[in-house]
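Every number here is computed from the coordinates shown, using simple stated rules; none is lab data. Please read all numbers here as calculations on a predicted model, not as lab measurements. Positions of Cβ are generated from backbone atoms using ideal geometry, with glycine treated the same way; all protein chains shown enter the neighbour counts.
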Amino acid sequence: MEKVKEKNEWIGWVKAIGLAVMLAFVIRFFLFVPIVVEGSSMMPTLEEDDIVVVNKIGAKFVEYNRFDVIVFETNEETHYIKRIIGVQGDHIEYENGKLFINGEHYEESYLEDYKEVLINNGTLTEDFTLEAYLGETVVPDGHYFVLGDNRQRSEDSRNPRIGFVPKEKILGTAEVVLFPFHHFKAIK
């Protein structure tokens, strides 16, 4: 009787561990994934070596919104983390360091820390239009125009090599800075 009870206990443990491993696999590969930030292109929002949690659920089911921070791939080995500035149909331009989308001025509160330290009242983002950089008047259907928050040090949609980001290349939205603990925050 004792051996049967012991055997059932082992089977219970094996099932529990197997279920935990399977659940961890599903969460890791289908729902959320940690990504390590490399470089300074998203400062001050994200710093190098921050570990962010990327929500992969939305990548298949929802539309991304202007100002979401996303992770996307340019090839199988290279992933970028940037902020969506323009969605399909948007006409984007910067004039005197101010963002205009479809002719309407938008505040970029996430850039205030950088704007405060600019020397000689310079601009963080140079003047440009989509036409000047990418030869298009609006963001194409199914694509996004993205910029890094550190505009002077970011490789983003202004570079024709990256250009507009197709929705199918987006892995998900960056939701939370998980580590280091003193950077722990929701990403806005």
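Quick notes on this structure:
- Using the average count of surrounding beta-carbon atoms within 10 Å as a protection proxy, the listed peptides 166-177, 124-135 rank, highest first, as 166-177, 124-135.
- Alpha-carbon centroids, segment 53-100 and segment 120-160: separation in whole Å: 12
- 18 Å Cα-Cα threshold exceeded, pairs from 82/188; 98/167; 56/82: 98/167
- Separation of the residue 176 and residue 47 label points, Cα + 7 Å toward Cβ, nm: 2.0
- Around the amide H of residue 97, modelled in the peptide plane, lie the amide H atoms of 127, all under 5 Å away and 5 or more residues distant in sequence or on another chain.
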